[in-house]
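The values are calculated or read from the model by the stated rules, or taken from the named source; none is laboratory data. Because the structure is a prediction, the values reported are computed rather than measured. Positions of Cβ are generated from backbone atoms using ideal geometry, with glycine treated the same way; all protein chains shown enter the neighbour counts.
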Amino acid sequence: MVKDLRAYNIFDLRALALKRVPKGLFEFVDRGTEDEVSLRNNREVFERIRFRPRTMVDVSKRNPATTIFGVEHKMPLVIAPTGTAGLMWFEGELALARAAKAAGIPFTLATASMTAMERVADEAGGELWFQLYLWPDRRLSHQLVERAKAAGYKALVVTVDGASAGNREYNLRNGFTIPFTYSRRAILDILRHPRWLATVMMRYLLTTGMPVYRNYPAEARAKLTAGPMGRTSLRTDSLNWGDLDALRKIWPHKLIVKGMLDPEDAATAVDHGADGIDVSNHGGRNLDGIISPIEALPEIVDRVGKRATVFVDSGFRRGSDVVKAIALGANAVMVGRSTLYGVAAGGFDGAQRALEIYHEEIKRVMALLGCNMLAELGPQYLKIVDPTLEPTAPGRPGLHVVAGGKDAAEA
Ligand SMILES: Cc1cc2nc3c(=O)[nH]c(=O)nc-3n(C[C@H](O)[C@H](O)[C@H](O)COP(=O)(O)O)c2cc1C
């Protein structure tokens, strides 16, 4: 166990993060949008899926390893892209990438990160994916794609659920902006967190300067004006299928579309060349009153599971949540806040602890379920107390994690 962090689960890491970072930053990470109905449902949905374990199974050799895009990983987890992770800890993106590498899982760097993608590739390494927000000026976004290619990123994760920024009113109240401006509220908040001021903000100021979006080319940075967190990235509301075609032409590696909840959309994305679909509602941060990705997962797996790798995210906090998603047909789960709480609580050690907690919890659930490999998981291990979550076809539709290290989506 990682030393000195008294965190036995992800919620403990959240409590540590709450103490450490200014309230404005904590809320930016922790909260949802508008009335937070989606945020709550993302967690509550897991309670409507229950386990049906098998007994008398020798599980002494159980292993949560899995293969994603032909590469074996130690568990079915990916660190999701989270902009501004670098404000949770000095160079937080490097800490997250290193923790992912140590845990044997992929790390996704966000467009809106405080550390440049080339530095993350040079200094952290591991299996790196790059998340792309398309900007109104597509030429600038395509420049980012070329840089990601040159820096050796293995997958491009294009986020499609952000046609407008979510309505997060607390960000307006808290007064934090990017680029940073000296609002009275933010300054007071920071002064109440002297450890964060000394170990994060001052370290930036004494080394690389005020934290900014380091991936943005100068031309894009010049177009930014300071605004509330979450509203300042250069988004476009004109995203369309032609954009996916254009990316498919310039990106030679795996292409994942992030933020879909409709099976028809998922199928069209695969028709346009996507290798993976991330079923996500952005952690309940964009549209309130939206369905949980877990509610959409079985239908999407049924529709595209044989042609694409299916990821899911939003609301995952426990290894048992991950096992439920795999049993419903996902290939892997992306986690956002779980590792952000970790990195905010203790940098690399905290992020590593978060991943260690998931690994232990997944292994424990596998033992108690009587399951040795993720490939064995399926709806037969579940009792679903919600008809909308039932897989649409009998058996174990769309689950491609197979023994022998090759997933069906690859085959
Ligand atoms: C602070 C924060 C920043 C995020 N920034 C991005 C981003 O820049 N791009 C993106 O595609 N998703 C972003 N997300 C969404 C995550 O990738 C992911 O979908 C979400 O966090 C999953 O829900 P969870 O936090 O409950 O695990 C962000 C999430 C958080 C919490």
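With respect to (1) modelled with pLDDT under 95; (2) buried (at least 21 other Cβ atoms within 10 Å of the Cβ), the lone exception for ALA351 is condition (1). Taking first residues from region 77-101 that are on the phi < 0 side of the Ramachandran plot and away from the ligand (no atom under 12 Å from the Cβ) and partners that are at pLDDT 95 or above and of a type in the set (Asp, Glu), the Cβ contacts under 8 Å between residues at least 6 apart in sequence or on separate chains come to LEU94/GLU123; ALA100/GLU127; LYS101/GLU127. The residue of region 300-336 that is surrounded by the most Cβ atoms within 10 Å (Cβ to Cβ), among those that are of a type in the set (D, E, K, R) and within 9 Å of the ligand (Cβ to nearest atom), is ASP313. Residues in region 298-324 that are in contact (Cβ under 8 Å) with a residue 60 or more places away in the chain, small (Gly, Ala, Ser) and either part of a helix (DSSP H, G or I) or over 18 Å from LYS258 (Cβ atoms) (or both): SER320 only. ALA218 meets each of the listed conditions (1) in contact with a helix residue (DSSP H, G or I) (Cβ under 8 Å, 6 or more places away or on another chain); (2) loosely packed, with under 15 Cβ neighbours inside 10 Å apart from (1).
When PRO136 is tested against (1) surrounded by 16 or more Cβ atoms within 10 Å (Cβ to Cβ); (2) out of contact with any Gly (no Cβ under 7 Å at 6 or more places or on another chain), only condition (1) is not met.
Is there a residue being touching a Leu at 6+ places or on another chain (Cβ under 7 Å) and either surrounded by 13 or more Cβ atoms within 10 Å (Cβ to Cβ) or closer than 17 Å to ASP161 by Cα (or both) anywhere in region 201-210? No - not one qualifying residue is present in region 201-210.
When we screen LEU18, LEU5 for residues that are over 22 Å from ASN281 (Cβ atoms) and modelled with pLDDT under 95, the only hit is LEU5.
ASP265 falls short on exactly one of the conditions (1) free of Cβ contacts under 8 Å to residues at least 12 places away in the same chain; (2) assigned to a loop (DSSP other than H, G, I, E, B), and that condition is (2).
Please specify each residue of region 61-105 satisfying the condition of being of a type in the set (D, E, K, R) and within 22 Å of THR207 (Cβ to Cβ). Scanning region 61-105 gives GLU91, GLU93, ARG98. Condition check: over 22 Å from GLY329 (Cα atoms), of a type in the set (A, V, I, L, M, F, W, C), crowded, with 21+ Cβ neighbours inside 10 Å and more than 18 Å from the chain's Cα centre (by Cα). Does VAL21 satisfy that? Yes, satisfied. The test for being at pLDDT 95 or above and surrounded by 21 or more Cβ atoms within 10 Å (Cβ to Cβ) does not hold for ASP245.
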